[in-house]
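**Student:** The following block contains the structure, expressed as structure tokens.
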Amino acid sequence: MEESFSKKNKNRVLKAVNGEMSYQKLTAAEWHQFVQNWNYDDGIEPFEWMIQQKTLDKGTVLCLYWLLQPDYFCRFTSEEQVKDDLYFEQYKLLKEIEERYLTGFYQDENFSFDPNPEFLDENSTVACIPGEMLLKTGGVSFERLDIEFAFLRKPNEKELKTIATRITDAVKIIQLSNPDFVYDDTDTAVNAIVESVEYWKIKELGKIKINNLSYLWMDCMHKKHQWDWIVWDWETGNNLGVANATKELTCLADTIIAHTIDGFQPASIISDLYKDLEGVNDFYDLKRDPYSGIGLLFSTDHLKFRA
């Protein structure tokens, strides 16, 4: 028997991990995945509250206990020695977990957790750890799930037609203010996009789909820098964009125009980003990066690419 965990559950845990919703609103099952997906370099504050909840499952508590590395503190002979250690707050949390766990504070035992395979071997130091904390809990196995379910993929035939249509529309938009424009050179096209944005900033757009200019900009990236057309896909939607050869960097549709047509960024950033991304494989290759913090350039090295 396995624990049922829906896309909605995954999304709630992801939002809690990212600070977009309160971890206090999660269910017991979601807490179990939160504990396993949390970046412990970000601190232990959520767990100071969580371990005080009677509805927290014993398996979740034991999992948290071992992720906090209790064996590290076996090197100390007294709490007085630990007080000067960098991880003293973690030590105090572990001691509170032990007290509650051993006195039967946690009654629910739905999710099985066994510290032995991952955390214990013949070389482990466990002299300071209560024996009960070494034992597997009852319940069903509910190991860590991948809550970041987004991925990159190639556009399908329908999406490629959409891209082509929007590039054609972008050329027509530019020609409204620059009738002689012909799309036969990427550098010229990028400059024309900048000029078009400057022109339309002070005009009534009406039915003009100004964000389609971003598709022409991305096509310039595709032709000049050999960035591939991609779809950033997740379980509830997707975005068209372009990514470099290693798929570590991605630019998405609309943002480059949406950020400049309203004056949030100068139109010149359209040309700057285009030039600065030449030959770039990752963020370390960038001589400067005023782009990622404003949503014009995304790191996607953590996402799988599905050809």
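The values are calculated or read from the model by the stated rules, or taken from the named source; none is laboratory data. Treat the numbers as computed from the prediction; the structure is a model and nothing was measured. Heads up, the Cβs are rebuilt from the backbone with ideal geometry, glycines too, and the neighbour counts pull from every protein chain shown. Accessible surface areas use protein heavy atoms only, side chains included; no ligands, DNA or RNA. Shrake-Rupley method; radii C 1.70, N 1.55, O 1.52, S 1.80 Å.
**Student:** Lys247 to Asn116: extension gain in nm, 0.36 nm per residue of separation minus the Cα-Cα distance?
**Tutor:** Length gained, Lys247 through Asn116: 43.4 nm.
**Student:** Any chance you could run the full-extension gain for Asn281 through Gln226? It's 0.36 nm times the residue separation minus the Cα-Cα distance, nm to one decimal. Can you show the working numbers first?
**Tutor:** Values: separation 55, 0.36 × 55 = 19.80 nm, distance 1.14 nm.
Result: 18.7 nm gained on full extension.
**Student:** Read phi for every residue in the stretch 289-295 and hand back ³J(HN,Hα) as whole Hz from Karplus 6.51 cos²θ - 1.76 cosθ + 1.60, θ = phi - 60°, with x for Gly and Pro.
**Tutor:** Each residue's phi maps through the Karplus curve to give 9, x, 9, 5, x, 10, x Hz.
**Student:** Right, next: Where the centre of each part is set by its Cα atoms, how far does the stretch 1-45 sit from the stretch 238-274, in angstrom?
**Tutor:** 31
**Student:** Evaluate E = 1/(1 + (r/R0)^6) for Glu132 and Asn191, where r is the Cβ-Cβ distance and R0 equals 45 Å; express this FRET efficiency to the nearest 0.05. If you can, show how the numbers build up before the last one.
**Tutor:** Numbers: r = 70 Å, r/R0 = 1.56.
With a Förster radius of 45 Å, E is 0.05.
**Student:** Lys92: which lysines have alpha carbons under 21 Å from its alpha carbon, excluding same-chain residues fewer than 8 sequence positions away?
**Tutor:** Output for Lys92: Lys54, Lys58, Lys83.
**Student:** Does anyone have the angle between helix 28-37 and the longest principal axis of the chain? Alpha-carbon axes, 0 to 90°, nearest 10?
**Tutor:** 70
**Student:** Right, next: In degrees between 0 and 90, to the nearest 10, how far off the longest principal axis of the chain does helix 7-17 point, with axes built from Cα atoms?
**Tutor:** 80
**Student:** Please work out which option in [x] 22.6; [y] 21.7; [z] 23.1 gives Kirkwood radius over Cα pairs in Å calculated from these coordinates, and answer with its label.
**Tutor:** Among [x] 22.6; [y] 21.7; [z] 23.1, the one derived from this structure is [z].
**Student:** Separate question: In the structure displayed, which of Lys7/Lys172; Lys161/Lys275; Lys8/Lys201; Lys8/Lys207; Lys10/Lys247 lie more than 32 Å apart, Cα to Cα?
**Tutor:** Values: Lys7/Lys172 41 Å; Lys161/Lys275 27 Å; Lys8/Lys201 40 Å; Lys8/Lys207 36 Å; Lys10/Lys247 24 Å.
Table pairs above 32 Å Cα-Cα are Lys7/Lys172; Lys8/Lys201; Lys8/Lys207.
**Student:** Quick check on the chain: of the DSSP beta bridges with both residues there, what percent are antiparallel, nearest 5%?
**Tutor:** Looking only at bridges with both residues in the chain, the antiparallel portion is about 75 percent.
**Student:** Related question: Quick one: order Glu143, Glu248 from most to least accessible surface, probe 1.4 Å. Present the calculation step by step, with values, prior to reporting the outcome.
**Tutor:** On the way: Glu143 135, Glu248 55 Å².
In descending accessible area the options line up as Glu143, Glu248.
**Student:** Rounded to the nearest percent, how much of the accessible area of the chain (1.4 Å probe, protein heavy atoms only) is carbon and sulfur?
**Tutor:** About 46 percent, which is the carbon plus sulfur part of the accessible surface.
**Student:** Counting only other residues whose beta carbon sits under 11 Å from that of Ser299, what net charge do I get with K and R as +1, D and E as -1? It would help to have the intermediate numbers written out before the result.
**Tutor:** Details: positive: Lys247; negative: Glu248, Asp282, Asp289, Asp301.
That sum, taken over residues with Cβ under 11 Å, equals -3.
**Student:** Express in Å², to the nearest 10, the accessible area of Leu160 obtained by rolling a 1.4 Å probe over the protein heavy atoms while all chains stay in place.
**Tutor:** 90
**Student:** Counting Lys +1, Arg +1, Asp -1, Glu -1, what net charge surrounds Arg166 among other residues with beta carbon under 12 Å of its beta carbon?
**Tutor:** Combined, the nearby Lys, Arg, Asp and Glu give -1.
**Student:** Shape of the stretch 82-204 from its Cα gyration tensor (a ≥ b ≥ c, root eigenvalues): rounded if a/c is under 1.5, otherwise prolate when a/b > b/c, or oblate? Don't jump to the answer; show the numbers that get you there.
**Tutor:** Details: a/c = 4.29, a/b = 3.13, b/c = 1.37.
Prolate, because a/c is 1.5 or more and a/b exceeds b/c.
**Student:** Once the Cβ-Cβ distance between Leu102 and Asp42 is put in as r, and R0 is 22 Å, what FRET efficiency do you end up with, to the nearest 0.05?
**Tutor:** Here the calculated transfer efficiency is 0.20.
**Student:** Another question about this same structure. I need the calculated FRET efficiency for the pair Gln175 and Ser271, taking r as the beta carbon distance and R₀ as 22 Å, to the nearest 0.05. Display every interim value, and only then the final one.
**Tutor:** Numbers: r = 19 Å, r/R0 = 0.88.
Plugging the Cβ-Cβ distance into 1/(1 + (r/R0)^6) gives 0.70.
**Student:** Another question about this same structure. Quick one: length gained pulling Glu157 to Gln53 fully straight, 0.36 nm per residue minus the C-alpha distance? Kindly include the intermediate steps, with their values, before the conclusion.
**Tutor:** Details: separation 104, 0.36 × 104 = 37.44 nm, distance 5.12 nm.
Result for the pair: 32.3 nm of gain on full extension.
**Student:** Moving to a separate point now. Would you mind counting up the charge near Phe113? Only other residues with Cβ under 12 Å from its Cβ, with Lys and Arg at +1 and Asp and Glu at -1.
**Tutor:** -2
**Student:** Then there is this: Write down the accessible area per residue of the chain in Å², having rolled a 1.4 Å probe over the full set of protein chains.
**Tutor:** Accessible area per residue, the chain: 54 Å².
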